[in-house]
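One structure below.
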Amino acid sequence: ELSALLEANDLHDVIVVGHSMGGLVAAEAMIRGDKRISRMIAVGVPFHGSYLALVGLLILVYVFAAMDNSAWAVLLLLLLLSVPASRQMLPNSDLIACLRPHYPSIASRVSCIYSPSDNILLVAASALLLQDEVSFAKAIECPVLGHAHLLYGDNAHDLIVSELLATPPPQEEWEDG
């Protein structure tokens with residue numbers, strides 16, 4: 001657990017850069033009230049879930065099936081269906097349903113970097129902290145193609161560094177998680 005890691009290493013005033021599921025993990029820690037996390041830069045985080053979150057493993061299943069390696073394809077498909085983390089990124093998952101009502105409590109400390117060309121979060125709004133179709137956290141569009149490029153593409157890197165260097169909100173503005 002993220003909070004246990006921060007505590008074990010006596011880390012404070014941490015800025016977490018969370019990509020995809022990693023951002024959901026950080027959001028959960030912030031919502032639970034971990035004040036050691038001062039801010040989060042959410043990079044392509046499926047705050048509202050994504051039906052395509054399972055695509056990576058499904059592609060592997062297809063590749064193995066196409067190579068007449070049906071035993072591996074079946075094994076990977078069973079793995080896909082049994083890994084709770086994969087299912088928790090679906091829009092109707094228990095995790096998303098549990099986190100969603102609490103997003104306003106962390107919004108002042110979150111910057112959302114997203115791409116309208118994200119191939120996993122096809123609806124860019126899924127990567128934003130929204131309530132009634134209004135974004136209440138900082139939203140930064142990144143002109144990259146693909147979900148992975150949000151983490152390592154040049155434009156994305158520049159945006160992440162810029163947010164790391166940005167002045168954080170005063171602690172008085174933090175709402176209780």
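The values are calculated or read from the model by the stated rules, or taken from the named source; none is laboratory data. Computed from a predicted model, the values in this text were never measured in an experiment. A quick note on method: Cβ atoms are made from the backbone with ideal geometry, for glycine too, and the neighbour counts reach across all protein chains shown. These accessible areas exclude ligands, DNA and RNA; they are computed on the full protein's heavy atoms, side chains included. Shrake-Rupley method; radii C 1.70, N 1.55, O 1.52, S 1.80 Å.
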For this session: Select from the stretch 149-175 the residues that are closer than 25 Å to Lys35 by Cα and at pLDDT 90 or above and list them in ascending order.
Result: Leu159, Ile160, Val161, Ser162, Glu163, Leu164, Leu165
For this session: Could you tell me whether the stretch 108-128 includes any residue that is farther than 15 Å from Ser20 by Cα and open to solvent by less than 30 Å² (accessible area, probe 1.4 Å)?
Result: yes
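Here are Gly49, Gly22: which of them is among the small types (Gly, Ala, Ser), in a loop (DSSP other than H, G, I, E, B) and closer than 28 Å to Pro143 by Cα?
Working: Gly22 fails: in a loop (DSSP other than H, G, I, E, B).
Checking each option against the conditions leaves just Gly49.
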Exercise. If Tyr103 passes every condition in (1) touching a Ser or Thr at 6+ places or on another chain (Cβ under 9 Å); (2) in a helix (DSSP H, G or I); (3) modelled with pLDDT of 90 or more but one, which one does it miss?
Worked result: (1)
Problem set entry | Every residue from the stretch 109-168 that is of a type outside the set (D, E, K, R), without any contact (Cβ under 8 Å) to a residue 24 or more places away in the chain and either touching a helix residue (DSSP H, G or I) at 6+ places or on another chain (Cβ under 8 Å) or not in a loop (DSSP other than H, G, I, E, B) (or both) | Ala124, Val134, Ser135, Tyr152, Asn155, His157, Val161, Ser162, Leu165
